[in-house]
1. If we scan the range 34-49, do we find a residue that is closer than 23 Å to R173 by Cα, in a helix (DSSP H, G or I) and within 32 Å of the chain's Cα centre (by Cα)?
2. When you scan the range 149-163, how many residues do you find that are β-branched (V, I, T) and open to solvent by less than 10 Å² (accessible area, probe 1.4 Å)?
3. Which of the residues that make up the range 4-23 are under 16 Å from L84 (Cα atoms) and either at pLDDT 95 or above or buried (at least 18 other Cβ atoms within 10 Å of the Cβ) (or both)?
4. Are any residues in the range 24-35 surrounded by 16 or more Cβ atoms within 10 Å (Cβ to Cβ) and either touching a Leu at 6+ places or on another chain (Cβ under 7 Å) or at pLDDT below 95 (or both), and if so, which ones?
5. Out of the range 322-374, which residues are of a type in the set (S, T, N, Q), open to solvent by 20 Å² or more (accessible area, probe 1.4 Å) and free of Cβ contacts under 8 Å to residues at least 60 places away in the same chain?
6. Got a sec? Which of A56, A109 is aliphatic (A, V, I, L, M) and over 29 Å from the mean Cα position of the chain (by Cα)?
7. Can we say G90 is modelled with pLDDT of 90 or more and among the small types (G, A, S)?
8. Return the total of residues in the range 54-72 being closer than 13 Å to G31 by Cβ and touching a residue at least 60 places away in the same chain (Cβ under 8 Å).
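The values are calculated or read from the model by the stated rules, or taken from the named source; none is laboratory data. Worth saying up front: this structure is predicted, and the values here are computed from it rather than measured. No Cβ is skipped: glycine too gets one built from the backbone with ideal geometry, and neighbour counts run over all protein chains shown. Just the protein is used for accessible areas: all its heavy atoms, side chains included, with ligands, DNA and RNA removed. Shrake-Rupley method; radii C 1.70, N 1.55, O 1.52, S 1.80 Å.
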Amino acid sequence: MADRVTVIGWDGSPLTAAARSALSAATLVAGAAHHLALPEVPPTAERIRLGSVDLAARRIAGHRGTAVVLADGDPGFFGVVRTLRAPEHGLEVEVVPAVSSVAAAFARAGMPWEDARIVVAHQRTLRRAVNVCRAHPKVAVLTSPGAGPAELALLLEGVHRTFVVCEELGTDREQVSVLTSDKAADHSWRDPNVVLVIGGGTTGGTPGTPWLAGQDTAARSVRGWGLPMEEYGHEVGRTGTGEDPSLRAAQLARLGPRSGDLVWDIGCAGGAFAVEAARFGAAVIAVDADPAACARTEQAARRHGVPLQTVPGRAPRVLENLPEPDVVRIAAGGVPVVTACTDRRPERIVAHASTRDEAEAIGAALAGGGYTVESLLLQTVGLDPADWSERERSVVFLLSGRRANSA
């Protein structure tokens, strides 16, 4: 095993005294081609070109001597330190950090970033990274080949954002470009690059000094979920059974929307469900045949300070060009919409019905689409606490489907 392993971050600036000292004593140096070309790398040291960090870690573990690993930015932040410290390699490391590429990118943009979400986009995680960009007004994306600015822009079609693309930070080829997301797909970008995705902010919520990194705390200023309709600016009693707060709470509990998810809310009506799903950190596309319902949903989103996208149109036809959902709430359209949604294979689907016949038809459509079905009859009775008299009553069937092959 290597006698000592030092991981050195490099951000393009001159190496620190600690980094130079570690390099001068190294008998093995691992890094990318531009790292191995640094003049401080000893000419007699064994050199390993970093491709697979796991393979390099095994080489380092078998080396008798002093090893140094060079990496861009802060190697402890989405970097090689995690892999090198994995139990299977048994390596203990010392870290000499540099400015992370995310910090450098926001510095180039002249923006604060304690409220930014930070995601890593590989080809296998690109869709989830895009969903975070849909759901949050400030996101830094650490890209990779095949999951760069152009691919982000293509998947964000229909959602306006500003891209700050920072190419080859810290090198003499560094370039920072600011453009709208619809222009980014028409350009070839150099690797490595970091993309700041900015926009989609709202005027709602409570302003104040951020105190929690990576969170927009204004969007969570109202405590709880399954909130009464007056929290969304609508008069109580003006909405249908599908907007009942107790039903909404049960639907949210079964869908479990979370960061990285895309939620379809079909039949968004007053926007209460769409807003609460967005408050959980999910990206939301709210669909309704009535443009006025889309307008109410946008108003509710502004009131609560969350980004979401509305799409006016009648399901199932309007669903054909929407990006793939993770979870779906169906409040309108019946069996044809349920069938169209099962064809897209989201992990979970919820729907409701006011009659048993309708509930049986929806349950059969979910089961026929390969979903395990749960059916409940939910009854809620609102009481006046002064004399315990009944104020309102709601009875509804709740149907939920879980994709049979999902974990």
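1. Yes, some residue in the range 34-49 is closer than 23 Å to R173 by Cα, in a helix (DSSP H, G or I) and within 32 Å of the chain's Cα centre (by Cα).
2. 0
3. Scanning the range 4-23 gives V5, T6, V7, I8, G9.
4. V29, A30, G31, H35
5. If we filter the range 322-374 for residues that are of a type in the set (S, T, N, Q), which is where we start, we get 339, 342, 354-355, 372.
Cutting the leftovers down to open to solvent by 20 Å² or more (accessible area, probe 1.4 Å) gives us 339, 354-355, 372.
Once the filter is applied, which keeps residues that are of a type in the set (S, T, N, Q), open to solvent by 20 Å² or more (accessible area, probe 1.4 Å) and free of Cβ contacts under 8 Å to residues at least 60 places away in the same chain, the range 322-374 yields T339, T355, T372.
6. Values: A109 fails: over 29 Å from the mean Cα position of the chain (by Cα).
Answer to the check: A56.
7. The answer is no for G90.
8. Selection size over the range 54-72: 6.
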